[in-house]
2 protein chains.
Amino acid sequence: MAQREAVVDGVFVALADSTRRAVISRLGHGPATVGDLAHDFPMTLPSFMKHVRTLEATGLIRTTKSGRVRTCELDRARLAVVQSWLDEQRRVWEARTDRLEQYVTDSEEHP
Amino acid sequence: MAQREAVVDGVFVALADSTRRAVISRLGHGPATVGDLAHDFPMTLPSFMKHVRTLEATGLIRTTKSGRVRTCELDRARLAVVQSWLDEQRRVWEARTDRLEQYVTDSEEHP
């Protein structure tokens with residue numbers, strides 16, 4: 001599998017969980033510590049850390065540790081792979097719609 | 001979990017596989033039979049059918065059977081849940097950028 005496909009797989013897997021999507025949304029407001037983030041979710045800290053590590057492994061977030069405090073930050077560039085994929089699909093649909101319209105126009109002009 | 005979240009989870013899971021994404025891309029060009037689609041992928045028909053069923057279960061594609069031929073068609077409305085989620089994130093980032101700019105402007109005017 002091409003490396004890009006593996007990256008896209010990973011990003012979609014990471015986003016296929018409501019907790020991880022909520023973390024992404026929260027980090028859209030700005031960086032936050034793992035402690036502050038974990039507070040918003042009804043699960044143990046080890047369970048929450050698994051989600052943080054999944055997000056970090058795919059590159060959707062970056063984390064930095066200062067003393068005992070780990071801070072998470074969103075990497076919007078990684079999320080852009082999802083937008084790129086959607087844009088690719090839209091280009092295909094639009095090209096198809098254009099061809100269908102051309103076909104209808106041609107049929108009307110040369111019935 | 002809210003029903004909408006479950007739908008979004010399902011769509012992201014369905015898209016977290018390069019074969020299923022390729023099927024979505026192929027169906028963007030127009031409907032196709034399972035037989036024609038399967039021909040493009042190096043796997044057995046039963047394996048390919050699992051991917052078709054996953055896509056159908058999430059509502060990303062619809063299938064209809066006529067005699068022994070099953071035809072697949074893309075449902076673009078379901079794919080729109082991914083775009084909606086991305087748009088939500090972008091609104092959060094833009095609101096944050098606006099607030100940061102306002103803060104810088106205020107600081108410059110009232111240092």
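The values are calculated or read from the model by the stated rules, or taken from the named source; none is laboratory data. No experiment lies behind these values; they were computed from the predicted model shown. Glycine gets a Cβ as well: all are built from the backbone with ideal geometry, and neighbour counts include every protein chain shown. Please note that ligands, DNA and RNA were not included when accessible areas were found on the heavy atoms of the full protein model with its side chains. Shrake-Rupley method; radii C 1.70, N 1.55, O 1.52, S 1.80 Å.
In percent, rounded to a whole number, the relative contact order of chain B is 27, using alpha-carbon pairs under 8 Å and six or more apart.
Shielding value for B:54-67 is 0, the average number of Cβ atoms from other chains within 10 Å of each residue's Cβ. On the basis of the beta-carbon distance and an R0 of 30 Å, B:ASP40 and A:ALA6 show a calculated FRET efficiency of 0.90. Couplings 3J(HN,Hα) of region B:90-97, computed from phi: 4, 4, 4, 4, 5, 4, 5, 4 Hz, in residue order, whole Hz [Karplus 6.51 cos²θ - 1.76 cosθ + 1.60, θ = phi - 60°; x for Gly and Pro]. Across all C-alpha atoms in chain B, the radius of gyration and Dmax reach 20.8, 77 Å. Working note: Cα atoms of the protein assembly as shown, range along each principal axis, descending, whole Å: 73, 44, 34. Averaged over the residues of B:10-17, the number of partner chain Cβ atoms lying within 10 Å of the residue Cβ comes to 6.
Only the Cβ atoms of Lys and Arg (+1) and of Asp and Glu (-1) were treated as charged; on that basis the dipole of chain B about its Cα centre amounts to roughly 1060 debye. For region B:74-91, backbone nitrogen atoms closer than 11 Å to the point 7 Å from A:GLU101 Cα along Cα-to-C-beta are found at no residue. Interface between chains B and A: roughly 2800 Å² of accessible area buried, both sides summed (probe 1.4 Å, protein heavy atoms only).
Ordering B:40-47, A:92-99 by mean Cβ neighbour count within 10 Å, with the highest value first, yields A:92-99, B:40-47. For the protein assembly as shown, the 222 nm mean residue ellipticity estimated from helices alone, with every DSSP H stretch of n ≥ 4 adding -39500 (n - 2.57) and the total spread over all residues, rounds to -22500 deg cm²/dmol. Between A:ILE61 and residues 5 or more places away or on another chain, which pairs have amide H atoms under 5 Å apart, with H built 1.01 Å from N, and which residues are they? Residues meeting the criterion, in which the H sits 1.01 Å from N, are A:GLU56, A:ASP75.
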